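A.B. asks: Sharing a structure here in structure tokens format.
The values are calculated or read from the model by the stated rules, or taken from the named source; none is laboratory data. Just so it is clear, the model here is predicted, and its values are computed rather than measured. Here the Cβ is made from the backbone with ideal geometry for all residues, glycine too, and neighbour counts use every protein chain on show.
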Amino acid sequence: MRQPLIVLPILAAGLVLAVLPVSGSEGDPDTAWPAWRGPRATGEAPVANPPLNWSEKKNVRWKVAIPGKGLSTPVIWGDKIFLTTAIPAGLRPDPETAARAEADLPEWRRDRGVAPDHVQKFTVLALDRASGAILWQRVLREEAPHEGTHADASWASASAVTDGDTLIVSFGSYGIYALDLDGALLWQKDLGDMKTRRGFGEGGTPALAGNTVVINWDHEGPSFITALDRRTGDLLWRRERDEVTSWSSPVVVQAGERSQVVINATSRTRGYDLATGDVVWEIEGMTVNTIPSPVAAGGRLFVASGFRGAMLQAIDLQKAHGPLDGPPGVTWTYPQDTPYVPSLLLAQGRLYFLKGNTGILTCLDAASGRELFSRQRLPEIDSVYASPVAAGGRVYVTGRHGTTVVLEAGDTYEVLAVNHLDDGFDASAALVGDELYLRGRKYLYCLAAGTSD
């Protein structure tokens with residue numbers, strides 16, 4: 001095995017740090033999938049045991065078509081599944097709006113992007129977990145988008161988040177919404193219009209911790225981070241950010257007695273005091289077009305990006321104060337083979353990540369940064385947007401063209417299964433109980449052992 005590329009000293013482990021779990025009046029967050037990276041914001045479902053093998057004719061509990069287009073991960077609480085989608089209304093926008101949107105689309109994008117040439121119904125769905133039947137469907141806004149998206153993106157890329165009482169839904173420029181779990185609208189906010197880099201579109205998911213909702217608003221205009229009251233939508237605080245477009249979702253962590261919200265971004269990764277919005281620490285080092293969201297456990301927070309460069313940083317949040325450029329706040333770095341679109345997976349003390357958007361996998365010991373294995377090419381996967389997930393001692397990596405590789409969660413590279421479905425997958429999976437949920441471009445699948453045809 002090659003020696004790890006660790007360029008900074010390693011500090012002792014044992015610090016207290018936990019991702020703040022969402023909590024609600026009913027249910028255990030660990031038995032739900034309340035946000036796009038799961039109950040601990042790491043990609044791991046600590047008590048789930050999904051199937052090892054499946055196909056279109058094996059271990060499919062149900063499969064249902066989803067209207068419109070969206071890339072959001074299924075969010076699951078109790079017997080309900082929540083999804084966002086944008087459904088074309090069949091109406092063209094007024095000529096002035098269409099002309100303005102076309103003029104704003106960069107020349108190089110006009111034959112490869114998705115033009116905003118139809119009115120969209122920005123919609124949230126609730127499905128029955130047992131059958132996949134739609135329980136309710138609510139259109140939260142209906143209008144023509146003000147700008148296009150990347151050909152692989154959608155106008156419903158941000159996942160919802162819930163604490164079991166309130167469902168928070170972000171359509172970015174088209175509104176932030178709070179609903180109860182029966183679909184009743186509690187409040188809504190309009191934060192303005194984003195103008196994303198090169199018309200790539202929007203995608204950051206909100207963070208929810210207690211009664212605080214955090215929104216990252218990085219774009220080509222005035223960027224900011226804002227915190228809203230979960231119960232009312234009232235402004236708690238707002239801080240301007242010297243940032244260009246990023247698509248990283250915020251994560252809330254506990255370091256000592258202080259809760260922090262962390263956003264990974266191109267200019268700097270920053271940790272903010274959750275109560276006040278004050279910057280606690282910041283660090284440079286990410287690449288352009290920052291997308292992967294942070295993960296945290298075991299005393300450290302990990303941030304990475306991998307477009308036109310590569311960087312992964314391990315940060316000790318109890319020692320992170322002010323500008324960081326090395327120890328004691330930064331414990332180690334790994335400047336190669338890091339992901340562009342998929343986020344890191346942190347499971348059982350190991351970090352798993354893909355190189356760029358490829359099926360090339362690396363695994364590090366999270367405490368030390370030591371390579372456990374690196375540059376392993378996953379069979380039958382060439383391109384990946386979905387973030388890897390883990391449960392039941394296994395790691396699941398889903399490629400864009402319907403293949404999911406299942407690996408042993410361990411210090412060595414061991415493929416357990418290679419599974420295929422007849423759909424394309426860009427959304428990250430959700431894992432609850434004995435079920436694995438995969439949202440494809442056409443269908444939502446519920447996969448569970450013992451449900452073969």
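A.B. asks: Identify the residue in the stretch 382-403 that is assigned to a strand (DSSP E or B) and either in contact (Cβ under 8 Å) with a residue 40 or more places away in the chain or among the aliphatic types (A, V, I, L, M) (or both) and, among all such residues, is nearest to PHE425 (Cα to Cα).
C.D. replies: Result: THR398.
A.B. asks: For the list (1) buried (at least 23 other Cβ atoms within 10 Å of the Cβ); (2) modelled with pLDDT of 95 or more, I need the number of the one condition that SER154 fails.
C.D. replies: (2)
A.B. asks: Could you list all residues from the stretch 123-139 that are more than 21 Å from the chain's Cα centre (by Cα), hydrophobic (A, V, I, L, M, F, W, C) and either outside any strand (DSSP E or B) or buried (at least 19 other Cβ atoms within 10 Å of the Cβ) (or both)?
C.D. replies: Those that are more than 21 Å from the chain's Cα centre (by Cα), hydrophobic (A, V, I, L, M, F, W, C) and either outside any strand (DSSP E or B) or buried (at least 19 other Cβ atoms within 10 Å of the Cβ) (or both): ALA130, ALA133.
A.B. asks: Here's a follow-up. Quick one: which of TYR413, TYR437, TYR443, TYR385 is crowded, with 24+ Cβ neighbours inside 10 Å and of a type in the set (Ser, Thr, Tyr)? Explain how you work it out, then say what you get.
C.D. replies: On the way: TYR413 fails: crowded, with 24+ Cβ neighbours inside 10 Å; TYR443 fails: crowded, with 24+ Cβ neighbours inside 10 Å; TYR385 fails: crowded, with 24+ Cβ neighbours inside 10 Å.
The conditions single out TYR437.
A.B. asks: Only one residue in ARG197, ARG238 is of a type in the set (Lys, Arg) and either surrounded by fewer than 17 Cβ atoms within 10 Å (Cβ to Cβ) or closer than 21 Å to ASP163 by Cα (or both). Which one?
C.D. replies: Numbers: ARG197 fails: either surrounded by fewer than 17 Cβ atoms within 10 Å (Cβ to Cβ) or closer than 21 Å to ASP163 by Cα (or both).
It is ARG238.
A.B. asks: Further question: Of all residues in the stretch 158-174 being farther than 18 Å from GLY192 by Cβ and in a loop (DSSP other than H, G, I, E, B), which is farthest from the chain's Cα centre (by Cα)?
C.D. replies: Ranking the candidates gives ASP165 first.
A.B. asks: Please go through the stretch 51-92 and pick out each residue that is under 24 Å from the mean Cα position of the chain (by Cα), surrounded by 22 or more Cβ atoms within 10 Å (Cβ to Cβ), not in a strand (DSSP E or B) and not small (Gly, Ala, Ser).
C.D. replies: Answer for the stretch 51-92, where residues must be under 24 Å from the mean Cα position of the chain (by Cα), surrounded by 22 or more Cβ atoms within 10 Å (Cβ to Cβ), not in a strand (DSSP E or B) and not small (Gly, Ala, Ser): PRO51, LEU71, THR73, PRO74.
A.B. asks: Just a yes or no: is a residue in the stretch 184-201 under 28 Å from ARG61 (Cα atoms), at pLDDT 95 or above and part of a strand (DSSP E or B)? Give the derivation first.
C.D. replies: First pass over the stretch 184-201, keeping only residues under 28 Å from ARG61 (Cα atoms): none.
Among the residues of the stretch 184-201, not one is under 28 Å from ARG61 (Cα atoms), at pLDDT 95 or above and part of a strand (DSSP E or B), which makes the answer no.
A.B. asks: If I go through the stretch 256-269 residue by residue, how many of them are surrounded by 23 or more Cβ atoms within 10 Å (Cβ to Cβ) and part of a strand (DSSP E or B)?
C.D. replies: 5
A.B. asks: Something else now. Does the stretch 4-24 contain at least one residue that is modelled with pLDDT of 95 or more and in a loop (DSSP other than H, G, I, E, B)?
C.D. replies: no
A.B. asks: Could you tell me whether ASP426 is in contact (Cβ under 8 Å) with a residue 40 or more places away in the chain, in contact with an Asp or Glu (Cβ under 6 Å, 6 or more places away or on another chain), surrounded by fewer than 24 Cβ atoms within 10 Å (Cβ to Cβ) and part of a loop (DSSP other than H, G, I, E, B)? It would help to see each step written out before you state the result.
C.D. replies: Working: in contact (Cβ under 8 Å) with a residue 40 or more places away in the chain: yes; in contact with an Asp or Glu (Cβ under 6 Å, 6 or more places away or on another chain): no; surrounded by fewer than 24 Cβ atoms within 10 Å (Cβ to Cβ): yes; part of a loop (DSSP other than H, G, I, E, B): yes.
No: the conditions fail for ASP426.
A.B. asks: Sticking with this one: When both residues are 6+ apart or on different chains and their Cβ atoms are under 7 Å apart, which pairs have a first residue that lies in the stretch 310-338 and is over 12 Å from THR269 (Cα atoms), and a second that is basic (Lys, Arg) and assigned to a loop (DSSP other than H, G, I, E, B)?
C.D. replies: Final answer for the pair search is PRO328/LYS319; GLY329/LYS319; ASP337/LYS355.
A.B. asks: Considering SER173, SER246, which residue is buried (at least 18 other Cβ atoms within 10 Å of the Cβ), touching a residue at least 12 places away in the same chain (Cβ under 8 Å) and under 14 Å from THR290 (Cβ atoms)?
C.D. replies: SER246
A.B. asks: Name the residue, out of THR333, THR338, THR358, that is closer than 21 Å to PHE425 by Cα, of a type in the set (S, T, N, Q) and surrounded by fewer than 22 Cβ atoms within 10 Å (Cβ to Cβ).
C.D. replies: THR358
A.B. asks: Can you find even one residue in the stretch 316-326 that is in a strand (DSSP E or B) and crowded, with 22+ Cβ neighbours inside 10 Å?
C.D. replies: Initially, the stretch 316-326 is screened for residues in a strand (DSSP E or B), giving 322-324.
Add one more test, that the residue is crowded, with 22+ Cβ neighbours inside 10 Å, and what stays is 324.
Scanning the stretch 316-326 turns up at least one residue that is in a strand (DSSP E or B) and crowded, with 22+ Cβ neighbours inside 10 Å.
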